[in-house]
Amino acid sequence: MIMMTANQLLMRTIVVSFSDYLCTRIGSVGVGIFQLIMSVYSFAVTLATSGIRFTTTRLVSEELGKESGVGVRRAVKNCLFYALLFSTATGILLFCNAELIGTHWLNEPQTISSLKILSFALPFLSLTSVLGGYFTAVRKTVRSSVIQITDQLIMVFISVTGLTLLLPKGLEYACIALVLGSCASEVVAFCLMLLNYQLDKRKLNKNNIDSGKILPRLLKISLPIAFSAYARSGLYTLQNILIPRGLKKFGAYK
């Protein structure tokens, strides 16, 4: 509990400090454009993950309770497949519709390139969620906490470096620098999580206790969570899209 609290405080400190840095470097307009990008990305993340982290934790915990090491591996394997399927479909959807979203929904063509780049990060983020759910189930959250902090530091480093190189070209390129930092950090986080999982699963017992089919249980847990999350995230994204439209309509900014 203390470790998790310290991790959250450190993560929050990094996020707040980085947000303050962004306001200084790219200004309120740049931050506004970036927030529009991230509001759409946030909804895409919800579609890509579809409740899979909690589902993984639940299934792995059930198999651990039955002392079935083979069952744990099967649960993780099924969850990884589920995550890859949903995240790849969402990534393709976002990439193919980035121009429509940027031009007609956000009314900001400068967001198109960033949305396309972010579509490639979705599979890595979703698979990382599965592995994070596994480590939560086996009560080894320290590893995932360290990886999260590393992930954030890499994102900040790449984003700051990218801004230094690309900001002179305009706000569109500044946003590209920021999303490249996010994408790179997701890839690194996935690789570290996967490496740790490969090392950790060797410690599981070889018991193959029959616990039934994993996939029906997976869908029974994940889909209700997913649909509920879709509704909440969709409304939040719609709100973020409509606010700048309203401000522009009534002359708050041009």
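The values are calculated or read from the model by the stated rules, or taken from the named source; none is laboratory data. Here the structure is a predicted model, which means the values were calculated and not measured. Positions of Cβ are generated from backbone atoms using ideal geometry, with glycine treated the same way; all protein chains shown enter the neighbour counts. Ligands, DNA and RNA are stripped out before the accessible areas are found, and what is left, the full protein with its side chains, is counted by its heavy atoms. Shrake-Rupley method; radii C 1.70, N 1.55, O 1.52, S 1.80 Å.
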Global form of segment 88-175, assessed from the alpha-carbon gyration tensor, a/c cut-off 1.5: oblate
Using alpha-carbon coordinates, inclination of helix 141-166 to the longest axis of the chain, degrees: 20 degrees
Positive-end residue of Ala174, Leu36, Ile214, charge dipole of the chain with Cβ unit charges: Ile214
Anchor Lys116: aspartates and glutamates whose Cα lies under 12 Å away (excluding residues fewer than 8 positions away in-chain): Glu99
Heavy-atom accessible area ranking, 1.4 Å probe, most first, across Lys213, Lys66: Lys213, Lys66
Too-long pairs where the Cα-Cα distance tops 20 Å, listed order kept, from Lys77/Lys203; Lys140/Lys220; Lys140/Lys203; Lys66/Lys213: Lys140/Lys220
Sulfur and carbon atoms: percent of accessible area, the chain [1.4 Å]: 68 percent
Dipole in debye (nearest 20) - the chain, about Cα centre, beta carbon charges: Lys, Arg +1; Asp, Glu -1: 560 debye
Candidates Ala226, Ala83, Ala48: whichever shows maximal mean-square fluctuation once the chain is modelled as a Gaussian network with Cα springs under 10 Å: Ala226
Angle between the chain longest axis and helix 171-200 axis [Cα atoms, degrees, rounded to 10]: 10 degrees
Per residue value of the accessible surface for the chain (all protein chains in place, 1.4 Å probe), Å²: 53 Å²
Nearest 10 degrees, 0 to 90: helix 52-65 Cα axis against the chain principal axis: 10 degrees
Correct option for Rg/Rh (Cα atoms, Kirkwood Rh) [calculated from the coordinates] among (1) 1.04; (2) 1.18; (3) 1.01: (3)
Förster-model FRET efficiency, 25 Å R0, Phe81 and Ala231, C-beta, rounded to 0.05: 0.50
Sum of -39500 (n - 2.57) over DSSP H runs of 4+, divided by residues of the chain (222 nm, nearest 500): -29000 deg cm²/dmol
Cα gyration tensor shape for segment 91-139, rounded if a/c is under 1.5, else prolate or oblate: prolate
Extended-chain gain in nm, criterion 0.36 nm per residue less alpha-carbon gap, Leu9 and Lys169: 54.1 nm
Inter-centroid distance (Cα atoms) of segment 5-52 relative to segment 71-139, Å: 16 Å
Size of charge dipole - segment 57-129 - debye, nearest 20, with Cβ of Lys, Arg +1 and Asp, Glu -1, no other charges: 280 debye
